[in-house]
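Asks: Can you read through this structure? Questions will come right after.
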Amino acid sequence: MTPAPPRHERIAHTAELALRLEADTPAEVYAEACRALGAMLREETGSIPAGEEVSRTVAVDAVDADALLVDLLNELIYLAETERWAPSAVPAVECTATRVVLRIAGARLRRVPARIKSATHHGLALRRVGERWVAEVIFDV
């Protein structure tokens with residue numbers, strides 16, 4: 001059986017923004033979270049035309065897989081706000097139960113994003129559902 005590709009979808013949520021992520025491994029969930037957040041940030045602010053790609057390594061340590069996901073997303077939100085940078089591709093991921101290191105390609109944003117404030121622990125769930133890993137994250141907006 002060929003594994004399904006990672007995917008994400010936005011979930012309707014009152015007063016906040018929710019995201020559902022699905023992949024074959026926790027590492028792929030983290031990578032998909034980066035891509036999904038990057039897409040939302042670029043949609044809000046626009047990105048500078050091609051040729052301005054900047055790659056970086058982002059490392060996050062946390063107490064467990066749920067906290068890793070929230071802390072990773074909040075680190076990316078911080079980079080968007082302070083450096084006007086958003087992820088576009090995640091070619092490499094290394095992770096353990098309490099650490100994730102990602103090599104991330106990204107683009108500079110036209111302006112600082114204002115809509116997404118932070119990822120929250122509220123309603124957070126990273127769990128195995130059948131053969132897949134599924135996460136739901138709520139963002140303060």
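Asks: Please enumerate the residues belonging to the stretch 42-88 that are among the polar types (S, T, N, Q) and more than 22 Å from Ala27 (Cβ to Cβ).
Replies: Within the stretch 42-88, Thr45, Ser47, Thr82 meet the criteria.
Asks: Here is a list of conditions, (1) farther than 22 Å from His121 by Cα; (2) of a type in the set (Phe, Trp, Tyr); (3) surrounded by fewer than 18 Cβ atoms within 10 Å (Cβ to Cβ), and Trp85 meets all of them except one; can you say which number that is?
Replies: (3)
Asks: Right, here's the next one. I'm told Glu52 meets every condition in (1) surrounded by fewer than 16 Cβ atoms within 10 Å (Cβ to Cβ); (2) of a type in the set (Asp, Glu); (3) at pLDDT 95 or above; (4) out of contact with any Ser or Thr (no Cβ under 7 Å at 6 or more places or on another chain) except one. Can you identify the failing condition by its number?
Replies: It fails just one condition, (3).
Asks: Residue check: is Ala97 part of a loop (DSSP other than H, G, I, E, B), over 15 Å from the mean Cα position of the chain (by Cα) and free of Cβ contacts under 8 Å to residues at least 60 places away in the same chain?
Replies: So Ala97 fits the description; yes.
Asks: Let me ask something additional. Take the stretch 97-114 and flag every residue that is farther than 10 Å from Glu53 by Cα and at pLDDT below 95.
Replies: Ala97, Leu109, Arg110, Arg111, Val112, Pro113, Ala114
Asks: When you check Arg35 against the structure, is it among the basic types (Lys, Arg), modelled with pLDDT of 95 or more and under 27 Å from Arg110 (Cα atoms), yes or no?
Replies: yes
Asks: To continue, here is another question. When you check Ala80 against the structure, is it over 19 Å from Asp140 (Cβ atoms) and part of a helix (DSSP H, G or I), yes or no?
Replies: no
Every residue, every condition in (1) aliphatic (A, V, I, L, M); (2) surrounded by fewer than 22 Cβ atoms within 10 Å (Cβ to Cβ); (3) part of a strand (DSSP E or B), yes or no:
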{"position": "Glu28", "(1), (2), (3)": "no, yes, no"}
{"position": "Ala31", "(1), (2), (3)": "yes, no, no"}
{"position": "Ala36", "(1), (2), (3)": "yes, yes, no"}
{"position": "Ala39", "(1), (2), (3)": "yes, yes, no"}
{"position": "Glu44", "(1), (2), (3)": "no, yes, no"}
{"position": "Val58", "(1), (2), (3)": "yes, yes, yes"}
{"position": "Val63", "(1), (2), (3)": "yes, yes, no"}
{"position": "Gly106", "(1), (2), (3)": "no, no, yes"}
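Asks: Testing Pro91 on (1) part of a helix (DSSP H, G or I); (2) closer than 21 Å to Pro6 by Cβ; (3) at pLDDT below 95, one condition comes back false. Which one is that?
Replies: Single failed check for Pro91: (1).
Asks: What is the number of the single condition among (1) within 16 Å of Val70 (Cβ to Cβ); (2) in contact (Cβ under 8 Å) with a residue 40 or more places away in the chain; (3) surrounded by 18 or more Cβ atoms within 10 Å (Cβ to Cβ) that His8 does not meet?
Replies: Every condition holds for His8 apart from (2).
Asks: Can I ask one more? So Val70 ticks every box in (1) assigned to a helix (DSSP H, G or I); (2) without any contact (Cβ under 8 Å) to a residue 24 or more places away in the chain; (3) under 14 Å from the mean Cα position of the chain (by Cα) but one. Which box is left unticked?
Replies: That leaves (2) as the condition not met.
Asks: So, one more: It is to be established whether one or more residues within the stretch 51-66 are within 15 Å of the chain's Cα centre (by Cα) and within 22 Å of Pro3 (Cβ to Cβ).
Replies: yes
The values are calculated or read from the model by the stated rules, or taken from the named source; none is laboratory data. Please read all numbers here as calculations on a predicted model, not as lab measurements. Cβ sites come from the backbone with ideal geometry, for glycine too, and all protein chains shown count toward neighbours.
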